[in-house]
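Remarks on the structure that follows.
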Amino acid sequence: MNILSKTIAVAVLALGAAQVQAQIDVGGVKAVQGARTTGFIEIADTGDGASRIPVSIIAGVKAGPTLALVGGTHGYEYAPVMGLQMAAKRVNPAELTGTVIIVHVANMPSFLGRTIYYSPADGANLNRVYPGKADGSLSQRIAHAITTQVIEQSDYLVDMHSGDGNEDLRSYIYMPVTGDDEFDAKIKGMALAFGLDHIVIDRRENLPADASLYTDMTGLTRGIPSMTTEVGRVGSTAPDLVRKNAEGVMNLLRHLKMLPGEERPPQPTVWLGEFSVITSPADGMFIASVRGGHTVAKGGVLGQLFDFFGEPIETIRAPFAGMVNYVIATPPMRKGEPVAMVSKIVAEE
Ligand SMILES: [Zn+2]
């Protein structure tokens, strides 16, 4: 049977099922029951350029929840982007309950421009402009499209990051804690299912829905259990990091009962509580003395900041004892930008 007739056969079988899913349309890309469809959400040029957001929609044969997976919010974070391609091929629509919406590369200007943090189009960090604006700058228009077309059509959301092109990062999850116990338990279940062994208990302030700034917060403010994963370091495409992203997605799908099979039980987890993002006091060159995943004492040296002639400006130290989530691993350092993130190790919640 060729692929096309197989798809049709699956679709016909599905129509015979008791439950028929509502048709999902993601910015013009339409779900086909029992199949994976791909296409682009087009972002029109309103003065600062156009962009395209590649999406896959995998629609199961049985009605169920919609999980949104967003990759490439930062354009130099490749392991999740590749992991999502791998997961998209692994999910068999014939076995799927519900729908998976995959945003393969949210921030195409940054991806093709090979930039860290910021879009070359407007200098904005896509993960600080949500929920976006239909008539805003290019990053704001991208955020608006993802908010309205992807997030608001979903029941669960994962924004998948890695160490950016300059960040040496030990894989972890930001697990938001909103104060609503029932809602937070769902997020915790998702975080444990993703299967990383370090979880940051993220007590970030709850922001308003119209100024949610972050991808995950945009989901949270809309009542959608959401989290952010960080798997990968310094823009690496190492197969183990790519696989870890894909495997996290597959186990999350089993956890949400969207795919059959036993959920892999949670592994022993290092819980991280209060965290600090240490920022640079000046422009210069930063040379790290630690790596992502190292533990440090209070006052422990994270690295040295030098001027452009190689003279030391300041020794950057840990504000408290804890674990280094990430540290900047390439020399360019701008005043006010992150040097490292350090978290306190805590007992399990
Ligand atoms: Zn990122």
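The values are calculated or read from the model by the stated rules, or taken from the named source; none is laboratory data. Since we're looking at a predicted model, the values are computed, not measured. Note that we place each Cβ from the backbone using ideal geometry, even for glycine, and neighbour counts take in every protein chain shown. Keep in mind that these areas ignore ligands, DNA and RNA; they rest on the heavy atoms of the full protein, side chains included. Shrake-Rupley method; radii C 1.70, N 1.55, O 1.52, S 1.80 Å.
Overview of results
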read-out	value
Residue match in segment 232-244 (condition: at pLDDT 95 or above, among the basic types (Lys, Arg), within 27 Å of Gly322 (Cα to Cα) and surrounded by 23 or more Cβ atoms within 10 Å (Cβ to Cβ))	yes
Wholly enclosed helices (runs of 4 or more DSSP H) of segment 128-221 bearing at least 3 residues open to solvent by less than 40 Å² (accessible area, probe 1.4 Å), under 23 Å from Val277 (Cα atoms) and in contact (Cβ under 8 Å) with a residue 60 or more places away in the chain	215-220
Filter result (of a type in the set (Asp, Glu) and either in a strand (DSSP E or B) or within 16 Å of the ligand (Cβ to nearest atom) (or both)) within segment 72-101	Glu77
Residues of segment 237-248 that turn out to be over 23 Å from Thr269 (Cβ atoms) and either in contact with a helix residue (DSSP H, G or I) (Cβ under 7 Å, 6 or more places away or on another chain) or in a strand (DSSP E or B) (or both), as a count	1
Some residue of segment 116-123 being polar (S, T, N, Q) and either surrounded by fewer than 19 Cβ atoms within 10 Å (Cβ to Cβ) or within 13 Å of the ligand (Cβ to nearest atom) (or both)	yes
Selection from segment 220-232 of residues that are within 16 Å of the ligand (Cβ to nearest atom) and either in contact with a Phe, Trp or Tyr (Cβ under 8 Å, 6 or more places away or on another chain) or farther than 26 Å from Thr330 by Cβ (or both)	Ser226, Met227, Thr228, Thr229, Glu230, Gly232
Number of positions in segment 46-71 that are touching a strand residue (DSSP E or B) at 6+ places or on another chain (Cβ under 7 Å), part of a loop (DSSP other than H, G, I, E, B) and either of a type in the set (Asp, Glu) or within 16 Å of the ligand (Cβ to nearest atom) (or both)	0
So Arg36, is it in a strand (DSSP E or B), surrounded by 18 or more Cβ atoms within 10 Å (Cβ to Cβ) and not β-branched (Val, Ile, Thr)	yes
Residue in segment 139-149 that is within 15 Å of the ligand (Cβ to nearest atom) and out of contact with any Ser or Thr (no Cβ under 9 Å at 6 or more places or on another chain) present	no
Pick from segment 1-19, criterion open to solvent by 80 Å² or more (accessible area, probe 1.4 Å) and not in a helix (DSSP H, G or I), ranking: modelled with the lowest pLDDT	Ala18
Every residue from segment 315-336 that is open to solvent by less than 30 Å² (accessible area, probe 1.4 Å) and assigned to a loop (DSSP other than H, G, I, E, B)	Ala318, Phe320
Scope segment 63-77; condition under 15 Å from Asp168 (Cα atoms) and surrounded by fewer than 24 Cβ atoms within 10 Å (Cβ to Cβ); matching residues	Tyr76
Contacts under 9 angstrom Cβ, first residue in segment 68-79 being among the charged types (D, E, K, R), partner more than 9 Å from the ligand (Cβ to nearest atom) and assigned to a loop (DSSP other than H, G, I, E, B), 6 or more apart	Glu77/Gly165; Glu77/Gly232; Glu77/Gly235
Residue within segment 221-235 that is in contact with a Gly (Cβ under 7 Å, 6 or more places away or on another chain) and either among the hydroxyl-bearing types (Ser, Thr, Tyr) or not assigned by TED's automatic domain parsing to the domain that holds Asp180 (or both) present	yes
Of residues in segment 288-309 being under 27 Å from the mean Cα position of the chain (by Cα), in a strand (DSSP E or B) and not polar (S, T, N, Q), the one farthest from His198 (Cα to Cα)	Ala288
